[in-house]
Amino acid sequence: MSDLRDGVAGAPPLAGRLEPWMADLLADQGQCSALLSEFGSPVNVIDPAPLRRNAEELVTAGARQQVPVELRFARKANKALALVDEIVELGQGVDVASEPELLQVLGRGVPGHRIILTAAIKPERLLRAAVQAGVTLSLDSLAEAATVAALARAAGTTARVAPRLAPEPSLGLPPTRFGERSEAWTKLPGPGSGLAVAGVHFHLHGY
């Protein structure tokens, strides 16, 4: 939660949280030495189980409020493919932010309709790959929307898009490179343009 009093925004520090198996491993000097000997340093030890638990907790919380929840796991911040496999096994999806991430996730068998592309800067080659794979695209500008629409029409398909909302200046928040203000998105091309709006995209923090 941010504190916007006096125009100052900040987030409280979050303490690190260890799973019991992590504490056990760190306390086992012999096992740690064996891992370093086998794999070198640094060693990343991954257990997907907490991801499953946390995902199920979010979905259950939504169900209690009669709100269906679908998750898109942030691939850009979590590089282990075991985590991608785990979230997809749960029937959820993945959030990617680059062409290598997109191609890797598609190669892992994740269907396009379970992927959202959220990169702030999207080269045309990346947009084309996403449109062809049926990925939902988070749009950051009307110019980007026009490019996506043209690519979709050329491919004989309709691109699923989610216009990203930038905060209104009246809220006193700093400028962002993500998205357009809601007023700008009223100019988004309508039916027949090659675009189908699947929803809107915005950052919860601050706005």
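The values are calculated or read from the model by the stated rules, or taken from the named source; none is laboratory data. The model shown is predicted, which means the values in this text are computed figures rather than measured ones. With ideal geometry, Cβ positions are generated from the backbone for all residues, glycine too; neighbour counts draw on all protein chains shown. Note: areas computed on protein heavy atoms with side chains; ligands, DNA, RNA excluded. Shrake-Rupley method; radii C 1.70, N 1.55, O 1.52, S 1.80 Å.
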*Identify all aspartates and glutamates with a Cα-Cα distance to K122 below 18 Å; exclude those on the same chain that are fewer than 8 residues away in sequence.*
D95, E99, E101, D140, E144, E180
*Could you work out the helix-only [θ] at 222 nm for the chain, with each DSSP H run of four or more residues adding -39,500 (n - 2.57) and the total divided by the number of residues, to the nearest 500 deg cm²/dmol?*
-11500 deg cm²/dmol
_So, for segment 13-150, what is the accessible surface per residue at a probe of 1.4 Å, expressed in square angstrom?_
58
*Of G93, G194, G62, which has the largest mean-square fluctuation in a 10 Å C-alpha GNM of the chain?*
G62
*Share of segment 9-60's accessible area from carbon and sulfur, percent, 1.4 Å?*
59
*Kindly express, to the nearest 10 degrees and within the range 0 to 90, the angle between helix 49-64's C-alpha long axis and the longest C-alpha principal axis of the chain.*
50
*3J(HN,Hα) from dihedral phi, segment 84-92, Karplus parametrisation 6.51/-1.76/1.60, rounded to Hz, x for glycine, proline*: 4, 4, 5, 5, 6, 4, 7, x, 9
*Once amide H atoms are built 1.01 Å from N in the peptide plane, which residues 5 or more positions from N78, or in another chain, come under 5 Å H to H?*
none
*Among D24, D95, D140, determine the one that fluctuates most according to a GNM of the chain built with springs between C-alpha atoms less than 10 Å apart.*
D24
*Within segment 150-177, what residues put their amide N at less than 11 Å from the label point 7 Å along the Cα-to-Cβ vector of I121?*
none
_Just to be sure I understand, if you calculate Rg and Dmax of the Cα atoms in Å for this structure, which of (1) 25.9, 88; (2) 16.0, 51; (3) 20.3, 64 do you get?_
(3)
*Does anyone have the angle between helix 29-39 and the longest principal axis of the chain? Alpha-carbon axes, 0 to 90°, nearest 10?*
50
*Using a Gaussian network for the chain with springs between C-alpha atoms less than 10 Å apart, which of these wobbles most: S37, S182, S98?*
S37
